[in-house]
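Encoded as structure tokens, the structure appears first; notes follow it.
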Amino acid sequence: MTEGTATDTSTPERALVPRSDRHQVVVIGSGFGGLFGTKALKNADVDVTMIARTTHHLFQPLLYQVATGILSEGEIAPPTREVLARQKNAQVLLGEVTAIDLASRTVTSQVLGRELTTPYDSLIVAAGAGQSYFGNDHFAEFAPGMKSIDDALELRGRIFGAFEMAELGAARGENVDHLLTFVVVGAGPTGVEMAGQIAELAHRTLTRDFRAIKTHQARVILVDAAPQVLPPFGAKLGAWTKKKLEDLGVEVMLGALVSAVDERGLVVKYKDGSEERIAAVTKVWAAGVQASALGRTLSDQTGAPLDRSGRIAVNPDLTLPGYPEVFVVGDMIALDNLPGVAQVAIQGAKYAAKEIDGRLNGKAPQRPFKYFDKGSMAIVSRFRAVALVGKLRLTGFLAWLMWLAVHLFYITGFKNRLTAVLHWLISFLGRGRSERTSTEQQIFARVALQRLGRGAADLVSQPGEYDAEAERRRREELERQALEEVRLTDEQARGVRV
Ligand SMILES: Cc1cc2nc3c(=O)[nH]c(=O)nc-3n(C[C@H](O)[C@H](O)[C@H](O)COP(=O)(O)OP(=O)(O)OC[C@H]3O[C@@H](n4cnc5c(N)ncnc54)[C@H](O)[C@@H]3O)c2cc1C
């Protein structure tokens, strides 16, 4: 049997041919849950097929460093295929899962209009969560979120691009305040880290690079409807973080709900009903999460309820009611108020993998899944962080060192760790940013693709519609043109009036 190839049927939808008679495990997602679940099945007597819509694993906690030019995207997003190269029982397939059929035990995925059906014996769903705009999805056009490499690169382009446009505007004698105002919405860890880094960029990194503008005059505003920053860290650490952000020059606006967003700015509404407009071209949305829409599919088929964030209620062993072969882990689940953090996904995925292996070996079921909280931390600026580990509350340099050690440990791959350390040295000890490259496409491609009916699929030929004859004619024409170029050069016929 051919390894991992699709059967040759004439219908556009094809079915994956299993690689062996072994138990087939399908894992959806290559994030923390997907990758750690797949790795945990390394020694199990199963074939694992990981299906994910990106070809990389993603270390989301460091996305803000890609957006602000500290790290490269490759350092936090290694190719999943490379990470799993030595795990012979695992195969990786690119595809957006569009359907899960619990009755027929199949997963349907798609990439650029090419569809594939993959059968499973056991399924681990780890499709994570996306950004939530709390019912205002139209805000996304002007205030990108921070969930993917695309988001981080777009934000990098928008942030550094705003300084460029401000320099240009100032050189033309225009008011550029709206270009030099950066608003971060959401004062959770991501928002705090993002605001702190934009402030460091403006007040430290870029101060010598421009002529017409003074980057240290840039305004960085952190907005949240909540009454404090970092609510999950408690009042004391929240107050400490707010003070440190203000020392960095960040304006912290609390109790302010974003009620409108457009190209030139946003409107915030206070509790007393009053409104304020902030003119700011660059907005970053770091508030709210919405679990993968696959949760809805699973809920419709099982009756398991979804919470307000679209997270599905699972059994204490992370399975779906009535479907013990289907596990859901990580950001998609609503269980015991577990937070949406990497460790919940990692531990849940390992638990599911152990259960699958145990069942095949006739072992008794494990006890219900129990999350071990290893603590939370957020970096405020270089050398300053907050950490909450059990009852221990740490602030400042010590917390920062702890942040450094933990993140180094969890970055995937030795070479990524090495280059990340180099880039941190450049940014934290020096004032540089190694990864400032950005392009126009980086900033505008997302919105442009969304305007196409089927996104990128509209830009490529469809399976079965490939016109080989047209392709042959195009090649002949190109060859004819090339020969003509050669003739013109050889006969010194260029520039000769005919
Ligand atoms: C900016 C940011 C900062 C964070 N900081 C921290 C932190 O400091 N500490 C911490 O513990 N946690 C942090 N988190 C949260 C943490 O990253 C998540 O809790 C964790 O990634 C959840 O793991 P997961 O496997 O459930 O989902 P993810 O890691 O999000 O993985 C989901 C995977 O599913 C894929 N996928 C989604 N839909 C489909 C589909 N339909 N078909 C195919 N594939 C699909 C995605 O491409 C991805 O590979 C942060 C998150 C963000 C966004």
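The values are calculated or read from the model by the stated rules, or taken from the named source; none is laboratory data. Please read these numbers as outputs of a predicted model, since none were measured by experiment. Please note: Cβ atoms are built from the backbone with ideal geometry, for glycine as well, and neighbour counts cover all protein chains shown. Surface areas here come from the heavy atoms of the whole protein model, side chains and all, with no ligands, DNA or RNA. Shrake-Rupley method; radii C 1.70, N 1.55, O 1.52, S 1.80 Å.
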| query | Has segment 333-350 got at least one residue that is open to solvent by 10 Å² or more (accessible area, probe 1.4 Å), closer than 20 Å to D45 by Cα and within 13 Å of the ligand (Cβ to nearest atom)? | reply | yes
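Check A225, A218 and return the single one that is at pLDDT below 95 and surrounded by 14 or more Cβ atoms within 10 Å (Cβ to Cβ).
Working: A218 fails: at pLDDT below 95.
Just one listed residue meets the conditions, A225.
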| Subset of segment 35-77 (residues that are within 19 Å of G358 (Cα to Cα), near the ligand (Cβ under 10 Å from one of its atoms) and open to solvent by less than 20 Å² (accessible area, probe 1.4 Å)) | G37
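Any idea which of V314, V289 is under 30 Å from A352 (Cβ atoms), touching a helix residue (DSSP H, G or I) at 6+ places or on another chain (Cβ under 9 Å) and without any contact (Cβ under 8 Å) to a residue 24 or more places away in the chain? Can you show your working first?
Details: V289 fails: without any contact (Cβ under 8 Å) to a residue 24 or more places away in the chain.
Result of the check over V314, V289: V314.
Would a scan of segment 160-178 turn up a residue that is under 27 Å from V341 (Cβ atoms) and among the β-branched types (V, I, T)?
The initial filter retains those residues of segment 160-178 that are under 27 Å from V341 (Cβ atoms), namely none.
No, segment 160-178 contains no residue that is under 27 Å from V341 (Cβ atoms) and among the β-branched types (V, I, T).
Condition check ((1) modelled with pLDDT of 95 or more; (2) over 21 Å from V289 (Cβ atoms)) across all residues:
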| residue | (1), (2) |
| --- | --- |
| G303 | yes, yes |
| R308 | no, no |
| A313 | yes, no |
| Y323 | yes, yes |
| G340 | no, no |
| A349 | yes, no |
| E355 | yes, yes |
| G358 | yes, yes |
| G362 | yes, yes |
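If you take the residues in segment 302-317 that are under 17 Å from A129 (Cα atoms) and touching a Gly at 6+ places or on another chain (Cβ under 7 Å), which one is nearest to the ligand (Cβ to nearest atom)? Walk me through how you get there before you give the answer.
The initial filter retains those residues of segment 302-317 that are under 17 Å from A129 (Cα atoms), namely 305-314.
Among the residues that remain, those that are also touching a Gly at 6+ places or on another chain (Cβ under 7 Å) are: 306, 310-312.
Numbers: L306: 15, G310: 12, R311: 10, I312: 12 Å.
Per the stated criteria, the residue is R311.
Tally up the residues in segment 357-404 that are assigned to a strand (DSSP E or B) and not β-branched (V, I, T), please. Give the steps one after another, and end with the answer.
Taking segment 357-404 first, the residues assigned to a strand (DSSP E or B) are 376-381, 384-389, 392-396.
Applying the additional criterion that residues be not β-branched (V, I, T) yields 376-378, 381, 384-385, 387-388, 392-394, 396.
Total meeting the criteria: 12.
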| field | The lone exception for T412 - which of (1) more than 16 Å from the ligand (Cβ to nearest atom); (2) in a loop (DSSP other than H, G, I, E, B); (3) of a type in the set (S, T, N, Q) it fails | value | (1)
| field | segment 202-220: number of residues that are hydroxyl-bearing (S, T, Y) and assigned to a strand (DSSP E or B) | value | 0
| field | Selection within segment 261-301 - assigned to a strand (DSSP E or B), crowded, with 17+ Cβ neighbours inside 10 Å and more than 16 Å from the ligand (Cβ to nearest atom) | value | V261, G265, L266, V268, I278, T282
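If you take just the helices (runs of 4 or more DSSP H) that sit entirely in segment 18-116, which of them hold at least 3 residues that are more than 20 Å from G130 (Cβ to Cβ)? Can you show your working first?
Details: elements: 32-40, 63-67, 73-76, 80-83.
Per the criteria, 32-40, 80-83.
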| request: Scan segment 130-147 for residues that are within 16 Å of the ligand (Cβ to nearest atom) and buried (at least 21 other Cβ atoms within 10 Å of the Cβ) and jot them down. | output: Q131, A143, P144, G145, M146
| task | Find all pairs meeting these conditions: Cβ atoms under 7 angstrom apart; at least six residues apart or on different chains; first residue within segment 333-356 and within 17 Å of I124 (Cβ to Cβ) and outside the structural domain of K147 (by TED's automatic domain parsing); second residue more than 11 Å from the ligand (Cβ to nearest atom) and in a helix (DSSP H, G or I). | result | A349/A40; K350/A40; A353/A40; K354/A40
| field | Tally of residues being open to solvent by less than 20 Å² (accessible area, probe 1.4 Å) and under 26 Å from L449 (Cβ atoms) across segment 162-190 | value | 7
| query | Out of all the residues in segment 437-458, is one or more modelled with pLDDT under 85, of a type in the set (D, E) and not in a loop (DSSP other than H, G, I, E, B)? | reply | yes
| Residue satisfying all of: in segment 78-96; more than 23 Å from the chain's Cα centre (by Cα) and among the charged types (D, E, K, R); least open to solvent (accessible area, probe 1.4 Å) among these | K88
